Amino acid sequence: QGAASSPILHGNLLILVCDGTDKQFVVALEKRTGKVVWKQARQHLERALARNPFFQMAYSTPLVQTIDGKHQLVATCADHVAGYDVATGKELWWLPYEGCSLVGRPSYGNGLFYVVGSIKLDHHAVYAIKPGQGQLKPEQLAWQNSEGIPHVPSPLLIGKELYVVKDNGTATCLDALTGKVVWKKRLGGNYRSSPIAVRERIYFCSQEGKTTVVTTGRKYKVLATNQLGGKFFASPAVAGRALFLRSDSHLYRIED
């Protein structure tokens, strides 16, 4: 099977994660020529393979972050998340969990990586991780929370708050330092797209085309709701003063 995660650009590299049921690796290509700069096989998949090759798959897009002056690539996969040296592809650290088919993209802030993993199959959790070396020790896991954590939509980190919307339409604001729930509200509908933030506003776009706009921060306040036709799986995008939303049949541009 081919990759389902999106490629990312970093400097002269085009980086792609491929976590299929048959092969699992991370590869960095020279962006202008396609020449392979490095290729790193995934490790720590023994438990997943023992269950079934199907359980080795994952779909998360990686994140590059500078830690202590060096670029790290953080990529979620089946049964664990790992950090890699962007220059060489060498694995730097990893944290185990249980589960496959991970989709949410990692984020970084407050000295922590926020990663969507699993505590068991089909029961997802956010792990707040202090990067290190080798298999991370228990004290390097700042916190974990499995309450209302989505499978498909990625979390949104804004300062000291982490926002998630579960696939069935429940939105939650977590304290990014402790993992405790700040607020939790039912938006309605189903969600595949990830929330985005623009000018202290968060946009939650449901699969059914309803966008709920709420304020950032620790008090839940709805500023607006809007309804568009079609089914929405893609996350909204912003360019300049325009908001772009793509349905199964149309591309919408909304601009003031």
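Comparing 41, 58, 82 in a Gaussian network model of the chain, where Cα atoms under 10 Å apart are tied by springs, the biggest mean-square fluctuation is seen for 41. For the chain, the convex hull drawn through the C-alpha positions has a volume of 138 cubic angstrom per residue.
For the chain, give the percent of accessible area contributed by carbon and sulfur heavy atoms, probe 1.4 Å, rounded to a whole number. With neighbouring chains kept in place, the figure for the chain is 51 percent.
Within the straight-line cut-off of under 18 Å between alpha carbons, the aspartates and glutamates reachable from residue 90 are 19, 30, 68, sequence neighbours fewer than 8 places apart in one chain being disregarded. Solvent-accessible area per residue in the range 34-176 equals 40 Å², computed with a 1.4 angstrom probe and all protein chains kept. The stretch between residue 52 and residue 23 holds 9.1 nm of extra length on full extension. This uses 0.36 nm per residue minus the Cα-Cα distance.
Excluding same-chain neighbours fewer than eight residues apart, the lysines reachable from residue 31 by a Cα-Cα span under 18 Å are 39.
Legend: residue pairs 70/160; 180/221; 137/160; 184/231, Cα-Cα distance threshold 30 Å; every pair lies within threshold.
Please check: in the Gaussian network model of the chain (C-alpha springs, under 10 Å), which one of 66, 76, 211 has the largest mean-square fluctuation. Ranking 66, 76, 211 by mean-square fluctuation puts 66 first. Under the classification rounded if a/c is under 1.5, otherwise prolate if a/b is larger than b/c and oblate if not, where does the range 197-256 fall, given a ≥ b ≥ c as square roots of the Cα gyration tensor eigenvalues? Note, shape of the range 197-256 comes out oblate. The alpha carbons of the range 27-105 occupy a box of 38, 30, 20 Å along the principal axes, longest dimension given first. Here's the list of lysines a cross-link from residue 120 could span, going by alpha-carbon distance under 17 Å and ignoring same-chain residues fewer than 8 apart: 166.
The values are calculated or read from the model by the stated rules, or taken from the named source; none is laboratory data. If you're wondering where the values come from, they're calculated on a predicted model, not measured in any experiment. Quick note on the areas: whole protein, heavy atoms, side chains included, nothing else; ligands and nucleic acids left out. Shrake-Rupley method; radii C 1.70, N 1.55, O 1.52, S 1.80 Å.
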